[in-house]
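What follows is one structure encoded as structure tokens, with my remarks underneath.
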Amino acid sequence: MAREQIFVGLEIGTTKICVIVAEGRHDGTINILGVGETPSRGVRKGEIVDLATVSDCVREALLDAEDKTNVEIGNVWVAITGSHLRSFNNRGSFILPEDREEIVDEDLQTVEINAKEVALPSANSFLHTIIQSYHVDGNENILSPVGMAGSRLEADFHIIHGVKTRIQNTLRCIESLKLGIEDVVLSSLASALVVLTQQQKDLGALVIDMGGGTTDYLIYLDGAVRHSGVLALGGDHITNDISIGLRLPIARAEVLKIQEGSAADPDQVEGGIITLKNDPGFHGCEIDRKALNTIIHHRVREIFELIRNDIEAGHDGMLSMLGAGVMITGGCARLRDIAPLAEEIFDLPVQLTRAKEVGGSTQTFENPQFSTAIGLTKYAMAVSDNQPEESLLQRFAQGLGGLFKRRS
Amino acid sequence: MKNILPKSVLVGIGNAGVSVLDRIAVEHPSIKETLVINNEGESLSASVTSRRIAFPPCQDGDLSEGFLAIEEEFIAAIHGAPAVIFCGALGGELGSFLIPALAARAKADGITTLASVAVPFSFEGRQKREMAAAALRKLHDLCDGVALIDNDRLAGGVPSTAAVGEAFVAADRALQSSLLALRGMLSTSGPVKITRADLAASLGIPGAMTHFGHGMAKGANRLHEAIEEMLKSPLLTIAGKGSALKEAATVLLLLSGPSDLSFAEVQRSVVEIERVAGERCLVKVGVLADGSPDDPLEIYLLAGSGGSSRKTTTPAVTKSATQMTHSSPKSAEELPPAKPQATLGEAREAKSKKSSSAQQTQGVLNLETYQRGRFDKSEPTIVEGEDLDIPTFLRKGIKLVSPFRH
């Protein structure tokens with residue numbers, strides 16, 4: 001049963017830093033109390049490149065959230081992304097001792113440890129070990145094997161790992177503000193928690209969270225995470241392409257992308273001229289709409305094709321099994337005509353989506369930009385409901401090798 | 001002296017080869033068909049193997065002289081053997097030269113030739129790894145199968161705090177196990193056996209990565225425990241990807257040890273491997289149950305994945321000792337791998353011809369600069385060799401209509 005508890009999700013994004021303060025409800029839903037937000041500086045492609053500047057931005061966003069919610073923030077759940085994050089599926093197995101036939105809780109931990117006995121690059125550390133399914137003596141897809149009779153327990157896990165020092169940079173930034181860190185969560189995992197319903201997770205869905213600096217994606221199938229990945233490409237690349245292609249300042253290119261841009265095939269839509277007016281320091285000009293859309297279309301197409309190729313390389317045929325199709329969220333989900341392009345690339349139905357089963361500030365959860373931060377609070381609630389605090393700490397120690405300590 | 005050896009001969013070359021065969025001599029005294037060759041007298045005199053050949057010092061570093069000096073003794077040692085399995089580390093002068101050279105010689109006598117070789121750790125230097133790569137290419141052309149122990153992959157199984165010596169011990173252990181695996185697989189007979197064709201199909205692919213595991217257990221649960229230990233081998237995982245078996249098309253599995261090994265255990269072992277490797281993977285199993293019931297069950301797994309293409313022909317190798325060549329690290333790279341048996345004279349001729357006829361052509365330096373804009377000072381996003389920070393339309397060469405300025 002959910003406890004009434006306040007959870008704070010912090011996303012240090014490439015274009016914005018946002019803090020969601022939410023309350024876990026008894027019925028399992030979350031109620032957003034407020035959001036603190038500030039433009040991000042010192043972050044490139046989802047990773048911190050200027051620690052001091054980012055710390056200042058995070059402080060600003062936290063104060064904004066505290067002002068709006070009247071909640072004093074002490075601990076946060078943090079989203080993490082970046083091209084250094086990698087994932088794979090692995091199976092752990094455990095043979096029960098001959099004098100025991102019943103599977104106990106400790107056996108589940110043992111198979112998880114066995115599944116993690118793989119050679120990671122020395123600089124990397126485990127971020128998540130997500131259970132997919134258990135198997136007992138060849139009986140596949142057992143949901144809860146504890147108490148069952150068996151001689152061999154196996155379990156499939158989706159394992160996510162990343163470069164320890166890069167993860168530490170995010171943690172250091174937060175710790176410099178004397179904040180406690182509850183846990184670090186993969187951005188796409190957090191997003192998927194709020195944009196997918198349980199039915200969609202069972203049917204199979206690809207969630208694409210297209211942000212400013214990165215595009216994170218994750219596949220749920222049969223209720224479990226099957227694949228995840230991060231591309232260090234996002235909306236900033238589209239803006240940069242426009243800036244270079246049309247010789248516009250970055251700020252102008254960003255506005256043009258939001259106001260006029262479309263991912264549609266430029267040969268399939270009407271052209272025309274977009275007039276940019278004079279501004280101080282900027283001479284107005286006329287832009288060919290087809291040129292603008294060509295730039296956007298090819299970049300977005302490339303990102304989707306890279307995702308498709310990565311999934312097909314790892315799991316041939318998996319895309320065709322995704323009954324619920326593709327869900328696009330994140331800031332770029334608001335780009336015009338992005339859904340038809342995704343439909344063409346993935347050959348699946350596509351929805352532009354946002355956080356679901358969330359109450360409170362409508363403007364917040366209806367904006368796909370906040371999916372990750374809202375997802376963090378949902379993740380927090382799920383973990384808090386399922387695990388006592390002690391085991392959470394243990395998980396920190398195991399998962400990130402003591403990268404950080406909880407604030408006392 | 002008894003020259004005819006009825007079983008496969010294990011040949012250890014260099015310090016690593018001697019070390020591995022010494023361990024085998026101590027831990028498996030029943031294996032007597034061993035031979036070590038080294039150019040370090042101390043190592044040889046301390047060796048406990050039954051047969052030792054001293055590789056003589058060579059003037060000007062020309063190891064082919066040494067080869068000629070030991071050739072006859074080597075031929076005598078392997079005479080009549082159905083197969084020779086070479087073992088050693090590539091990357092050093094002796095191993096990189098002598099293993100391919102002797103492999104070519106053995107092959108010329110129509111003997112099945114296999115090799116279990118280690119390539120250096122990255123920290124041992126680029127030159128060593130390049131020399132090893134060149135020697136490895138030759139071996140792939142000459143041998144029926146090559147089990148490659150990549151020390152860098154092995155390092156994944158050694159704690160990062162471990163002493164350097166421990167890493168090398170782990171490398172020697174892996175080399176020893178893979179050598180025993182190859183010997184065991186060649187020794188299988190009867191209905192459940194691994195053929196030379198199976199070995200060639202799995203380990204004969206140039207450039208392929210070898211995946212290797214070894215597990216050992218006794219008692220009622222021996223099969224599961226041995227498999228569990230085997231699957232934890234660092235050479236059965238690919239960094240960041242998980243189990244390497246998922247990428248292997250064929251897996252060779254050897255169950256060796258107690259005479260009471262049951263049919264059900266063999267069957268179960270295949271099911272377990274298929275479970276990890278996937279149903280598309282072909283598991284070839286061999287059984288060598290000639291030990292006493294008290295012996296531990298040992299399971300060895302060898303598989304290959306990746307690589308260029310399956311070789312279709314074996315280069316013709318003649319018997320003449322004078323047709324062997326010694327390639328320095330540089331020339332090993334220059335000579336085409338398909339002609340490792342070129343004579344010294346031919347090699348010299350080719351070299352002089354190359355230097356005289358080589359026409360220097362000036363390449364065109366690509367001066368076209370691509371703009372990365374705001375990502376100019378960022379870590380580049382490189383996917384399949386392409387810098388994705390450069391606008392897509394630029395990389396694809398798409399022309400745009402320029403904006404009209406007022």
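The values are calculated or read from the model by the stated rules, or taken from the named source; none is laboratory data. Bear in mind the structure is a predicted one, so any value in this text is a computation, not a measurement. Quick reminder, even Gly has a Cβ in these numbers, built from the backbone with ideal geometry, and neighbours come from all protein chains shown.
Do we find a residue being at pLDDT 90 or above, of a type outside the set (A, V, I, L, M), in contact with a Ser or Thr (Cβ under 9 Å, 6 or more places away or on another chain) and within 21 Å of residue B:116 (Cα to Cα) anywhere in region B:60-79?
No, region B:60-79 has no match at all.
Show the residue pairs meeting these rules: Cβ distance below 7 Å; 6+ apart or different chains; first residue within region A:288-306 and closer than 12 Å to residue A:266 by Cα; second residue assigned to a helix (DSSP H, G or I) and among the hydroxyl-bearing types (Ser, Thr, Tyr).
From region A:288-306, the pairs are A:298/B:392.
Across region B:250-284, which residue is farthest from residue A:118 (Cα to Cα) among those that are within 14 Å of another protein chain (Cβ to nearest Cβ) and touching a Gly at 6+ places or on another chain (Cβ under 9 Å)?
B:271
Residues of region B:81-99 being farther than 21 Å from residue B:199 by Cα, surrounded by fewer than 23 Cβ atoms within 10 Å (Cβ to Cβ) and not aliphatic (A, V, I, L, M), which ones?
Within region B:81-99, B:92, B:93 qualify.
Would a scan of region B:217-233 turn up a residue that is surrounded by 22 or more Cβ atoms within 10 Å (Cβ to Cβ), farther than 30 Å from residue A:315 by Cα and within 14 Å of another protein chain (Cβ to nearest Cβ)?
Yes, that holds for at least one residue.
If I filter region B:179-206 down to residues being touching a strand residue (DSSP E or B) at 6+ places or on another chain (Cβ under 6 Å) and not in a helix (DSSP H, G or I), which single residue comes out as farthest from residue B:20 (Cα to Cα)?
Applying the filter and picking the extreme gives B:192.
How many of the residues in region A:100-118 are farther than 18 Å from residue B:234 by Cα and touching a residue at least 12 places away in the same chain (Cβ under 8 Å)?
So in region A:100-118, the residues farther than 18 Å from residue B:234 by Cα come out as A:100-110.
Now narrow it down to the ones that are touching a residue at least 12 places away in the same chain (Cβ under 8 Å): A:101-105, A:107-108, A:110.
Residues in region A:100-118 being farther than 18 Å from residue B:234 by Cα and touching a residue at least 12 places away in the same chain (Cβ under 8 Å): 8 in total.
Confirm whether residue A:250 is in contact with a helix residue (DSSP H, G or I) (Cβ under 9 Å, 6 or more places away or on another chain) and within 12 Å of chain B (Cβ to nearest Cβ). Spell out the reasoning first.
Numbers: in contact with a helix residue (DSSP H, G or I) (Cβ under 9 Å, 6 or more places away or on another chain): yes; within 12 Å of chain B (Cβ to nearest Cβ): yes.
Yes; evaluated as a whole, the condition is true for this residue.
Against the condition modelled with pLDDT of 95 or more, within 10 Å of chain B (Cβ to nearest Cβ) and surrounded by 15 or more Cβ atoms within 10 Å (Cβ to Cβ), how does residue A:295 come out, does it pass? Can you show your working first?
On the way: modelled with pLDDT of 95 or more: yes; within 10 Å of chain B (Cβ to nearest Cβ): yes; surrounded by 15 or more Cβ atoms within 10 Å (Cβ to Cβ): yes.
Yes; evaluated as a whole, the condition is true for this residue.
Within region A:277-295, can you find the residues that are hydrophobic (A, V, I, L, M, F, W, C) and in contact with a Lys or Arg (Cβ under 7 Å, 6 or more places away or on another chain)? Before you say what the answer is, go through the steps one by one.
From region A:277-295, those hydrophobic (A, V, I, L, M, F, W, C) are A:282, A:285, A:287, A:291-292, A:295; that's our starting set.
Of everything in region A:277-295, those that are hydrophobic (A, V, I, L, M, F, W, C) and in contact with a Lys or Arg (Cβ under 7 Å, 6 or more places away or on another chain) turn out to be A:282, A:285.
What strands (runs of 3 or more DSSP E) lie completely within region A:87-172 and have 3 or more residues being of a type outside the set (Val, Ile, Thr) and under 29 Å from the mean Cα position of the chain (by Cα)? Outline the logic, then answer.
Values: elements: A:124-136, A:139-142, A:152-163.
Those strands (runs of 3 or more DSSP E) span A:124-136, A:152-163.
Can you tell me which residue within region B:20-39, out of those that are surrounded by fewer than 24 Cβ atoms within 10 Å (Cβ to Cβ) and polar (S, T, N, Q), is nearest to residue B:96 (Cα to Cα)?
By that ranking, first place goes to B:39.
Please identify the pairs in which a residue from region B:390-406 that is under 9 Å from residue A:288 (Cα atoms) has its Cβ atom under 9 Å from the Cβ atom of a residue that is acidic (Asp, Glu) and surrounded by fewer than 16 Cβ atoms within 10 Å (Cβ to Cβ), counting only partners at least 6 apart or on another chain.
From region B:390-406, the pairs are B:403/A:286; B:404/A:286.
Enumerate the helices (runs of 4 or more DSSP H) found wholly within region A:195-298, keeping only those where 1 or more residues are farther than 30 Å from residue A:162 by Cβ and under 23 Å from the mean Cα position of the chain (by Cα). Let's see the steps before the verdict.
Numbers: elements: A:198-203, A:235-245, A:250-260.
In region A:195-298, A:198-203, A:250-260 are the helices (runs of 4 or more DSSP H) which contain 1 or more residues that are farther than 30 Å from residue A:162 by Cβ and under 23 Å from the mean Cα position of the chain (by Cα).
Do we have any residue at all in region A:47-70 that's within 12 Å of chain B (Cβ to nearest Cβ), surrounded by 20 or more Cβ atoms within 10 Å (Cβ to Cβ), of a type in the set (Asp, Glu) and within 14 Å of residue A:169 (Cα to Cα)?
yes
Tell me, please, whether a residue that is within 14 Å of chain B (Cβ to nearest Cβ), polar (S, T, N, Q) and surrounded by 18 or more Cβ atoms within 10 Å (Cβ to Cβ) can be found in region A:136-147.
There is no residue in region A:136-147 that is within 14 Å of chain B (Cβ to nearest Cβ), polar (S, T, N, Q) and surrounded by 18 or more Cβ atoms within 10 Å (Cβ to Cβ).
Give me the pairs, please: first residue somewhere in region A:36-49 and of a type in the set (S, T, N, Q), second residue anywhere and surrounded by fewer than 21 Cβ atoms within 10 Å (Cβ to Cβ) and assigned to a loop (DSSP other than H, G, I, E, B), beta-carbon distance under 6 Å, and either six or more positions apart or on two chains.
A:40/A:15
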